[in-house]
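Notes follow the structure.
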């Protein structure tokens with residue numbers, strides 16, 4: 001099994017809404033980091049194409065469009081040239097959007113460890129999109145059928161599933177996210193179908209929350225940080241996994257891309273979240289497909305496969321992600337849970353997460369008894385030392401860690 005190329009290395013001070021950098025990340029560094037080689041026959045005045053053994057990425061010059069393994073992904077800032085160092089993308093686009101896509105999908109995780117919250121769009125007094133030429137064909141009904149099929153598939157695989165509505169009822173946008181947060185969802189998937197003023201628009205598009213410093217893809221939403229931005233990395237990976245699955249299963253459908261919008265259900269959610277548009281009711285051909293139970297079932301199956309691909313692409317311990325060989329441990333977000341989570345800056349010191357502890361070379365992961373405490377063990381900003389908790393002790397040089405159970 002090949003090694004994980006490198007998922008993320010994000011170190012920040014622990015403030016929930018820290019300001020974001022807009023520094024540049026140069027193409028030559030991306031090429032070096034992932035052993036990419038140029039594909040000359042697919043490069044011209046408009047595109048630059050690179051590939052390695054596993055992935056192919058196509059940059060469109062002066063554009064926010066990037067094609068990753070033939071899936072269109074909209075960056076927040078354009079791929080642009082500098083005066084001296086070649087082409088670049090913004091550091092945030094690289095760190096939080098492009099980098100997660102290079103994850104090795106050979107990693108495994110148990111589906112039953114995840115809680116999936118499915119949000120069938122609209123409902124009740126809000127039918128969503130509809131078309132006058134087809135009696136009783138409403139977006140709210142179509143997406144409810146897709147959602148219930150998806151819920152069944154996930155439950156059959158051992159996943160715990162919650163839904164924002166279980167019949168044709170109205171649920172406010174804010175209540176949808178509150179419900180998902182209340183059950184500690186692992187992922188949030190909002191399912192919709194699209195509509196346009198004309199009849200030519202078609203295809204799939206998937207939305208994630210824009211990065212805090214960036215406008216939405218359409219440009220109508222100004223930069224602002226929300227709770228959902230704490231999961232930028234995983235929003236990107238979840239969006240890619242599901243969107244890519246839809247494109248593979250429906251090759252005749254247009255790829256409208258993975259885009260970014262500050263939709264209400266994506267802003268104040270505390271887990272990775274996406275909104276997927278499964279076709280256009282305003283398009284005659286797609287309207288006919290969407291009205292059929294068989295097509296709805298196939299969409300459900302495709303979203304299920306995409307969700308499974310996402311789950312299997314990461315291994316989560318506490319607030320950290322480990323690669324398959326436990327050679328890299330990556331900090332994800334501020335420590336705000338009751339799990340014990342410790343990390344050093346050089347990724348070579350002892351780390352603990354939840355019920356697990358790693359040895360000092362981070363080569364093995366060993367199960368230990370659950371730690372019975374609500375105390376949180378915080379790392380310093382440099383992640384070189386840790387503070388002492390009631391059930392953790394460290395030596396004076398912060399070089400070792402002991403875990404012991406509190407006597408009841």
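The values are calculated or read from the model by the stated rules, or taken from the named source; none is laboratory data. Bear in mind the structure is a predicted one, so any value in this text is a computation, not a measurement. Neighbour counts run over all protein chains shown; Cβ positions are idealised from the backbone, glycine included.
Points to keep in mind about this one:
- Of all residues in region 56-89, those satisfying the criterion of being in contact with a helix residue (DSSP H, G or I) (Cβ under 8 Å, 6 or more places away or on another chain) and either surrounded by fewer than 16 Cβ atoms within 10 Å (Cβ to Cβ) or not assigned by TED's automatic domain parsing to the domain that holds residue 26 (or both) are 70, 85, 86.
- Test: residue 221 is surrounded by fewer than 20 Cβ atoms within 10 Å (Cβ to Cβ), out of contact with any strand residue (DSSP E or B) (no Cβ under 7 Å at 6 or more places or on another chain), in the same structural domain as residue 282 (by TED's automatic domain parsing) and in a loop (DSSP other than H, G, I, E, B): yes
- Count - residues of region 191-204 that are touching a strand residue (DSSP E or B) at 6+ places or on another chain (Cβ under 8 Å) and closer than 17 Å to residue 285 by Cβ: 8
- Top-ranked residue of region 134-165 - restricted to ones that are touching a helix residue (DSSP H, G or I) at 6+ places or on another chain (Cβ under 6 Å) and over 17 Å from residue 275 (Cβ atoms), ranked as surrounded by the most Cβ atoms within 10 Å (Cβ to Cβ): 159
- Annotation: residue 50 fulfils all but one of (1) in contact with a helix residue (DSSP H, G or I) (Cβ under 7 Å, 6 or more places away or on another chain); (2) surrounded by 22 or more Cβ atoms within 10 Å (Cβ to Cβ); (3) modelled with pLDDT of 90 or more; the unmet one is (2).
- Hey, residue 177 farther than 17 Å from residue 239 by Cα and touching a helix residue (DSSP H, G or I) at 6+ places or on another chain (Cβ under 8 Å) or not: yes
- Scan of region 66-78 for residues that are out of contact with any strand residue (DSSP E or B) (no Cβ under 6 Å at 6 or more places or on another chain) and outside any loop (DSSP other than H, G, I, E, B), ordered by number: 71
- Residue that is farthest from residue 122 (Cα to Cα), among those in region 169-190 that are assigned to a helix (DSSP H, G or I) and in contact with a strand residue (DSSP E or B) (Cβ under 6 Å, 6 or more places away or on another chain): 180
- Residue in region 241-255 that is crowded, with 22+ Cβ neighbours inside 10 Å and more than 24 Å from residue 141 (Cα to Cα) present: yes
- Filter pass, residue 244 being in contact with a strand residue (DSSP E or B) (Cβ under 6 Å, 6 or more places away or on another chain), touching a residue at least 12 places away in the same chain (Cβ under 8 Å) and within 18 Å of residue 117 (Cβ to Cβ): no
- In the set 279, 318, only one residue is modelled with pLDDT under 95 and in contact with a strand residue (DSSP E or B) (Cβ under 8 Å, 6 or more places away or on another chain); that residue is 318.
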